[in-house]
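Read the structure below first, then the notes.
The values are calculated or read from the model by the stated rules, or taken from the named source; none is laboratory data. These numbers come from a predicted model, not from an experiment. Glycine gets a Cβ as well: all are built from the backbone with ideal geometry, and neighbour counts include every protein chain shown. What goes into the accessible areas is simple: the full protein's heavy atoms, side chains included, and nothing from ligands, DNA or RNA. Shrake-Rupley method; radii C 1.70, N 1.55, O 1.52, S 1.80 Å.
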Amino acid sequence: MIIGHALSYNTLESALKNKQHHGFLLSGPRGIGKATLARNLATTALTKASPFSEKIVEQQCMAGAYPNYFYICQFKDDDGKLKNDITIEQVRTLLNSLKQKAAVSGPRIIIIDSVDNLNRQAANALLKMLEEPPHDAFFYLICHSIGSVMPTLRSRCLNINFKSLSDSDMAQVITSQGHTVDPAIVSQASGSPGNYEKIVAAGGSATVLAIQKLLMLTNLNDLKSAVQELLKLSDDTFLGYLLHQFLYHQALSEPKTYAHPAQAVEKFMRYTHNTHLDGAHRLVAAVLLAQNPQQEQVVYG
């Protein structure tokens, strides 16, 4: 069931059916259902041309075993954490697979989740595939930040822009997954069921409140201790996101007080993404910027 993205789904389904494009850029905020929609669409399209039932096709796709379905994402390291990049080796392996004759008839569907994580070499290799696409191959490129995608890559795709879900759509998604709706968490999730799940997994409303309380800590040692406790629940990137969300929502009603802190935290978290900065130091620095945005001069030199 597609909730909140029916128009995008219909547009993609029509374009695939009529073979109007071979590359689709599904852009929009993280966690709002872009990859879920792409997988749903892929399963439906592959089933129509498959000798197998929809249930079997879906199970094989989920297991990465259906021959006409390719799902490319970041590998995990030995600690189970996602690596920073999708590599050139992954894209080359995909290309070699697409050069082979398809094991079953029908389209071959490739989902890249996400193109934001392609390193430069991998992005260039993907671009060559889009310029000369293999027969009956269709690419769904999940994108969380359109500005991070090479212009040449964007130009080869039909861009479908996804919006954050409304509160009512969020409630429908959450209840359909068997969960109880917590309005306090919905307000911090920015229309993203993925963010909602992460907040719940990280302790729910109690964690949201704990993030807000960091702003009231004036003793550096107390702040460091509180941050270390929070990092037991989630990573610094997501906790930084929750901090920014609180500041952003406060800025809507009190822009003079919160607009600059919200901007400073967002910029800092983006600037330090995928760096080797220690998670605790990163989150402490974000809180200090929220308390005093003038410290940007110190942080950025």
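Say whether the condition of being part of a helix (DSSP H, G or I), touching a Cys at 6+ places or on another chain (Cβ under 7 Å) and open to solvent by less than 70 Å² (accessible area, probe 1.4 Å) is met by at least one residue in segment 67-78.
no
Within segment 220-248, restricting attention to residues that are within 28 Å of the chain's Cα centre (by Cα) and of a type in the set (S, T, Y), which residue is surrounded by the fewest Cβ atoms within 10 Å (Cβ to Cβ)?
That would be T237.
H144 fails exactly one of the following numbered conditions: (1) buried (at least 22 other Cβ atoms within 10 Å of the Cβ); (2) in contact with an Asp or Glu (Cβ under 7 Å, 6 or more places away or on another chain). What is the number of that condition?
(1)
Can you name the condition, by its number, that E58 falls short on among (1) assigned to a loop (DSSP other than H, G, I, E, B); (2) of a type in the set (D, E); (3) touching a Ser or Thr at 6+ places or on another chain (Cβ under 9 Å)?
(1)
Here are some residues: A184, A171, A125. Which one is in a helix (DSSP H, G or I), open to solvent by less than 70 Å² (accessible area, probe 1.4 Å), modelled with pLDDT under 90 and at negative phi?
Among A184, A171, A125, only A184 is in a helix (DSSP H, G or I), open to solvent by less than 70 Å² (accessible area, probe 1.4 Å), modelled with pLDDT under 90 and at negative phi.
Of (1) free of Cβ contacts under 8 Å to residues at least 12 places away in the same chain; (2) open to solvent by less than 50 Å² (accessible area, probe 1.4 Å); (3) closer than 18 Å to I199 by Cβ, A251 satisfies all except one. Which?
(3)
How many of the residues making up segment 88-117 are part of a helix (DSSP H, G or I) and among the polar types (S, T, N, Q)?
Result for segment 88-117: 5.
Which condition breaks for G279 when tested against (1) touching an Asp or Glu at 6+ places or on another chain (Cβ under 6 Å); (2) open to solvent by 60 Å² or more (accessible area, probe 1.4 Å); (3) among the small types (G, A, S)?
Just one mismatch for G279, condition (2).
Which one is most open to solvent (accessible area, probe 1.4 Å) among residues in segment 17-60 that are more than 18 Å from D113 (Cα to Cα) and among the small types (G, A, S)?
That would be S53.
Report whether or not S114 is open to solvent by less than 30 Å² (accessible area, probe 1.4 Å) and closer than 24 Å to P29 by Cα.
yes
Do any helices (runs of 4 or more DSSP H) lying entirely in segment 202-273 carry at least 1 residues that are within 14 Å of Q188 (Cβ to Cβ), and which ones are they?
Where helices (runs of 4 or more DSSP H) fall fully within segment 202-273 and carry at least 1 residues being within 14 Å of Q188 (Cβ to Cβ), they are 205-214, 236-253, 255-271.
Report yes if S190 is open to solvent by less than 80 Å² (accessible area, probe 1.4 Å), at pLDDT below 90 and out of contact with any strand residue (DSSP E or B) (no Cβ under 9 Å at 6 or more places or on another chain), otherwise no.
yes
Do we find that L37 is of a type outside the set (S, T, Y) and either touching a strand residue (DSSP E or B) at 6+ places or on another chain (Cβ under 8 Å) or touching a residue at least 60 places away in the same chain (Cβ under 8 Å) (or both) in this structure?
Considered against the rule, which asks whether it is of a type outside the set (S, T, Y) and either touching a strand residue (DSSP E or B) at 6+ places or on another chain (Cβ under 8 Å) or touching a residue at least 60 places away in the same chain (Cβ under 8 Å) (or both), L37 comes out as yes.
Residues of segment 7-16 being surrounded by 11 or more Cβ atoms within 10 Å (Cβ to Cβ) and not aromatic (F, W, Y), which ones?
Matches in segment 7-16: L7, S8, N10, T11, L12, E13, A15, L16.
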